[in-house]
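Readers should treat all values here as calculations from the given coordinates under stated rules, not as data from a laboratory. None of these values were measured; they are calculated from a predicted model. Glycine gets a Cβ as well: all are built from the backbone with ideal geometry, and neighbour counts include every protein chain shown.
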Amino acid sequence: MAGPWATQLLGDLGADVIKIEPPGGGDQARRSFTTTAGDSAGDNAAFRAVNRNKRSVVIDLRTPEGQAVLHRLARSADVVVENFRPGVAERLGADAATLHTIDPRLVVLSLSGFGTPDEPDPDTDILSRRPGFDLVAQAMTGLMSITGTAGGEPVKVGVPITDLTSGMFGVIGLLAALRNRELTGRGDHVRTSLYQAGLALLLWESASFWTTGDEPGPTGAGHRLLAPYEALRTKDSHVVVAANNDKLWRQFLDVLGLPALAGDPRFATNADRLAHRSELAHALEARLITRTTDDWVDALTSAGLPAAPVRTVGQALSDPHTRALKMVGTVEHPVVGTQRVLGVPFRSSAGTSWPGTAAPAVGQDTRDVLSAAGFSDAEIETLATAGTVVEGDPYPVTEGRS
């Protein structure tokens with residue numbers, strides 16, 4: 001997911017993104033995430049979520065002829081992104097060393113599960129050769145050990161956090177390399193991984209471990225360094241409150257009608273409150289359960305306190321503020337029709353190409369892309385006859401979809 005997500009971000013920013021897919025059905029994600037009756041072979045909601053604003057070209061990179069097609073396309077590219085396990089790109093002729101012999105100004109972004117050290121040692125660098133998935137990276141980086149509740153089973157973050165952040169870190173590195181190319185004329189090889197992304201997120205946890213030597217554990221909905229900064233029970237659900245300094249703490253108690261707690265030695269300072277976190281939550285919830293979440297959110301926010309209900313995904317997506325920020329848009333898909341998509345989480349006066357076009361069918365742009373790269377019709381026919389490239393058909397309309 002890291003590579004598709006990174007390249008979708010680039011497409012949202014206006015890049016012309018060409019997705020190279022293998023023969024035999026294209027990207028495996030077209031099939032592996034098919035889970036509902038509305039999905040079909042080659043098309044599903046998960047694939048569409050990270051593949052908008054791209055053109056699809058099918059090339060058999062296992063053959064010398066296919067690699068020659070890729071290299072010809074690379075001559076007119078600024079960037080090549082590959083999302084293989086280390087060693088695979090080399091076999092397919094898509095590695096940075098090979099591509100830089102074709103165009104030394106290329107910026108190549110390599111996204112992998114565990115990354116490659118600057119000076120890899122084949123005898124000890126075992127992790128680099130392992131396949132990497134978000135769940136595996138969350139486990140290996142310690143993220144699962146700090147997620148969930150104390151004493152509970154290991155829990156992963158609810159979104160594929162290392163996939164998403166490695167894609168974003170990769171794009172940041174890639175954009176920096178493009179800027180450096182403007183200054184120096186040199187291309188670059190940017191490398192990152194799910195593992196590196198997961199480690200980079202351990203800001204509080206690494207600081208705590210290196211300071212105290214104690215292993216951080218899960219804190220549920222609470223903050224590792226602040227209290228109260230968590231979800232608390234109300235009469236009908238939960239409210240989150242971020243009373244993360246002494247001023248907000250006293251204001252919080254005033255709204256609750258519990259000013260006496262400010263003088264309780266267990267809760268006098270943030271350190272005290274952290275040391276007595278469970279007692280603090282019990283004392284606060286004894287008052288919070290007397291009113292509904294909406295009542296408390298209104299009272300707390302009116303007093304200037306950071307507070308919110310714990311909402312569902314559907315509630316967040318349907319909020320008018322979400323729409324006002326253009327975080328939900330639509331694209332037209334040839335099979336599913338009008339498809340809602342998430343927006344780009346920033347706005348600029350220059351604008352972006354979002355939402356642009358829906359995810360492509362397998363190989364639907366093969367001929368157009370090759371023609372634009374200077375391949376003649378005769379060359380394309382020869383390559384297609386040999387199976388080196390494949391021209392895709394329009395999306396099939398499956399039963400129950402129109």
Environment charge of Ser318, counting only residues whose C-beta is closer than 15 Å and scoring Lys/Arg +1, Asp/Glu -1: +3
Highest mean first, what order results for 105-116, 367-378, 273-284 on Cβ atoms within 10 Å? 105-116, 273-284, 367-378
Listed residues Thr269, Ala242, Pro259: farthest to the positive end of the dipole of region 229-310 (Cβ charges): Thr269
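How much net charge surrounds Asp294 when only other residues with a Cβ under 13 Å from its Cβ are counted (Lys, Arg +1; Asp, Glu -1)? Working shown, then result.
On the way: positive: Lys235, Arg291, Arg311; negative: Asp236, Asp295, Asp298.
Cβ neighbours under 13 Å give a net charge of 0.
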Per-residue Cβ contact counts at 10 Å, fewest first, order Leu99, Leu199 as Leu199, Leu99
The chain - Kirkwood radius from inverse mean 1/r over Cα pairs (Å): 24.5
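By counting other Cβ atoms within 10 Å of each Cβ, how are Trp249, Trp204 ranked from fewest to most? It would help to have the intermediate numbers written out before the result.
Details: Trp249 23, Trp204 15.
Sorted ascending by nearby Cβ count, the order is Trp204, Trp249.
Restricting things to alpha carbons, find the Rg to Rh ratio for region 229-310 using the Kirkwood radius for Rh.
0.93
Relative to the Cα centre, what is the charge dipole magnitude of the chain, using +1 at the beta carbon of each Lys and Arg, -1 at the beta carbon of each Asp and Glu, and rounding to the nearest 20 debye? Each step should come with its number before you reach the end.
Values: 37 positive and 47 negative charges, 173 e Å.
Dipole about the Cα centre, nearest 20: 820 debye.
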What are the residues whose amide H is under 5 Å from the amide H of Val240, where those residues sit 5 or more places off or on another chain and H is modelled from the backbone? Leu232, Ala308, Val310
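By the scheme Lys and Arg +1, Asp and Glu -1, what is the net charge of all other residues having a beta-carbon under 11 Å from that of Asp368? The partial results should precede the final answer.
Numbers: positive: Arg55, Arg367; negative: Asp365, Glu391.
That sum, taken over residues with Cβ under 11 Å, equals 0.
Any idea what the relative contact order of region 37-109 is, in percent, if you count C-alpha pairs under 8 Å spaced at least 6 apart?
Details: 51 pairs, mean separation 20.5, N = 73.
The normalised contact order for region 37-109 reaches 28 percent.
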Expected sort for 238-244, 62-68, 261-267 on mean C-beta neighbours within 10 Å, highest first, is 238-244, 62-68, 261-267
Need one number: % antiparallel among DSSP beta bridges in the chain, to the nearest 5. 55
In nm, to one decimal, how far is the modelled label at Met168 from the one at Leu135, with both set 7 Å along Cα→Cβ? 2.4
